[in-house]
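The values are calculated or read from the model by the stated rules, or taken from the named source; none is laboratory data. All figures in this text were calculated on a predicted structure; none of them were measured in a lab. Every residue, glycine among them, receives a Cβ derived from its backbone with ideal geometry; neighbour counts consider all protein chains shown. Accessible surface is based on the protein model in full, side chains and every heavy atom, while ligands, DNA and RNA are left aside. Shrake-Rupley method; radii C 1.70, N 1.55, O 1.52, S 1.80 Å.
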Amino acid sequence: MTTDLPAVTVGIDFGTLSGRALVVAVEDGRELGTAVHEYAHGVVESALPDGRALPPDWALQIPQDWRDVLRFAVPRALAAAGVLPEQVVGVATDFTACTVLPATWDGTPLCELPEYADRPHAYPKLWKHHAAQPEADLIVARAEESGQPWLARYGGKISSEWQYAKALQMLREDPEVYRAADRWIEAADWIVWQLTGAENRNLCTAGYKGIHQDGGYPDDAYLASLHPDFAGFTAKLDHPLSQLGTPAGTLSKAAAELTGLREGTVVAVGNVDAHVTSAAARALDPGHMLAIMGTSTCHIMNSDVLADVPGMCGAVQDGVVPGLWGYEAGQSGVGDLFAWAVRTATPHAYAHEARTRGISVHELLTEKAAAQPVGGHGLVALDWLSGNRSVLVDHHLSGLIVGLTLDTRPEDIYRALIEATAFGTRTIVETFEASGVPVEQFTVAGGLLRNGFLMQTYSDVLNRPINVLASEQGPALGAAIHAAVAAGAYPDIRTASASMGRIEREAYRPDPARAAVYDVLYQEYRALHDHFGRGGSDVMHRLRTLRGQADGLPGTAS
């Protein structure tokens, strides 16, 4: 590389609806250029591309949409940055997780083979595919019965979003596709395979989503207790695991032609969008919790303490940064809840007002909600419209709003949902601290940072200052930081984070008066949380079962 050209890395962030490429200066983390590619198929929730209907709670994706991010977003980001391919010293990717797919030995997704194109289980299951809850329940029940030591590392529950539940669902519902799947692989690793031409597996997704603890996966005897044909499942996962921030290989000739980058450019080991963001936000020290807030929220924190924290999504040694235990918790619906309110509970008059003023309906509802005093709407909600990830780990729970009257307005519901997600986060923080894992700092990243009222509400509900990631490209910046480490520009992730990361400390501070009222509302939230989530009433599960049986029930249509 010519010495007078500054070195850059490219971080590629694969989200739920789009992928983003970001070009970053290795020296100081300056963001030089970015480009976004929207997935042509988005989230496949109601029907396959051929029109075949999908059952409730399914969420699939199309692998070609991910390849198109490499094809379109990367060259456009390089052009926007005004850099040459020879300046790029490393490339790294991050992905939603657990987004997982069945593939052949050479990495071909089964859904791209003609004989499986009409089979839903041949497609990648997106992180928010929640149709495997019965399988998750069985995994937990059998683990409890047989005293599996790894269960405590996941707070006593295994999520329907993770690898084993989704794979067991595939086996039970379409054994032919299960048998045809030589590999069961996280999209985070599959996309690296596309870039380098060789399979690679990262220890982050294996630890958090694949039940890999203390050097191994669950044994065959336990797997056979779930289903006789599940005993050999680990063979579909088994591959040496690579440390984060290390090279997975180099860019293949085919990938170089696809992206416009140089063949032989270092490609970092794959990673999860939430976890790489910790480096972008300089949130790597013990006790520093990072909440990545978008359609859902992931809570990531490192600690030098290993403890059993009920309902978290895993404690993995070196899972975020070498030398510490990385904890993950989360909420499966946050931004999705606000989108639901706009889509479902907003009259045409509000949409007309928003158009007239040149603002979004979200902005209008936020403005109206922010004008209310705390508790003025008379509502309290449970943030479970997409189930509960932490601390209950039950995706068959559902949403609830208490206090509705004929005077309830759309902004009341919108504010109650914002507050409910903040209460959900407070429940997670308190659970960590009650388990002996202190939360000393709280930082927020993600697209919802743009809503200042939302951030202030979180500060008031948590009654603590909130730092923010001083970048709109958290995952992509975090990936670029890992690329710099893999390329040898920095000795380790912490050093690179200190130079390339961005944080604004105490951007929001709690108001004591509001915090005091939220303490009262939070107690009401916890009463509902524990009643409906811990066995006081099973009505949410019964209603979901009834919904699943609805096709066979009589209707009123003539």
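Results, tabulated for the structure shown:
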| item | result |
| --- | --- |
| The stretch 496-522, residues that are out of contact with any helix residue (DSSP H, G or I) (no Cβ under 7 Å at 6 or more places or on another chain) and assigned to a strand (DSSP E or B) | Glu504, Arg505, Glu506, Ala507 |
| Meets criteria (of a type in the set (S, T, N, Q) and either out of contact with any Pro (no Cβ under 6 Å at 6 or more places or on another chain) or surrounded by fewer than 17 Cβ atoms within 10 Å (Cβ to Cβ) (or both)) for Gln61 | no |
| Residues (open to solvent by 90 Å² or more (accessible area, probe 1.4 Å) and over 23 Å from Thr457 (Cα atoms)) located in the stretch 340-353 | His348, His352 |
| Sole residue being modelled with pLDDT of 95 or more, over 25 Å from Gly387 (Cβ atoms) and in contact with a helix residue (DSSP H, G or I) (Cβ under 6 Å, 6 or more places away or on another chain), chosen from Arg355, Arg282 | Arg282 |
| Test: residue in the stretch 263-270 that is touching a residue at least 40 places away in the same chain (Cβ under 8 Å) and either acidic (Asp, Glu) or open to solvent by 50 Å² or more (accessible area, probe 1.4 Å) (or both) | no |
| Answer residue from the stretch 251-262, given it is surrounded by fewer than 23 Cβ atoms within 10 Å (Cβ to Cβ) and of a type outside the set (A, V, I, L, M, F, W, C) and is nearest to Trp193 (Cα to Cα) among those | Ser252 |
| Near pairs, Cβ below 8 angstrom, 6+ apart or cross-chain, from the stretch 53-82 (closer than 30 Å to Gln549 by Cβ) to any residue that is among the aromatic types (Phe, Trp, Tyr) and buried (at least 20 other Cβ atoms within 10 Å of the Cβ) | Ala59/Trp127; Leu60/Tyr123; Gln61/Tyr39; Gln61/Tyr123 |
| Residue within the stretch 156-178 that is open to solvent by 10 Å² or more (accessible area, probe 1.4 Å), modelled with pLDDT under 95 and within 19 Å of the chain's Cα centre (by Cα) present | yes |
| Segments classed as helices (runs of 4 or more DSSP H), wholly inside the stretch 388-495, with at least 1 members that are open to solvent by 20 Å² or more (accessible area, probe 1.4 Å), on the phi < 0 side of the Ramachandran plot and acidic (Asp, Glu) | 410-434 |
| Pairs where the first residue, in the stretch 224-236, is under 15 Å from Ile211 (Cβ atoms) and in contact (Cβ under 8 Å) with a residue 12 or more places away in the chain and the second is open to solvent by 50 Å² or more (accessible area, probe 1.4 Å) and in a loop (DSSP other than H, G, I, E, B), C-beta under 9 Å, 6+ apart | Thr234/Asp219 |
| The stretch 354-367: number of residues that are open to solvent by less than 60 Å² (accessible area, probe 1.4 Å) and part of a helix (DSSP H, G or I) | 5 |
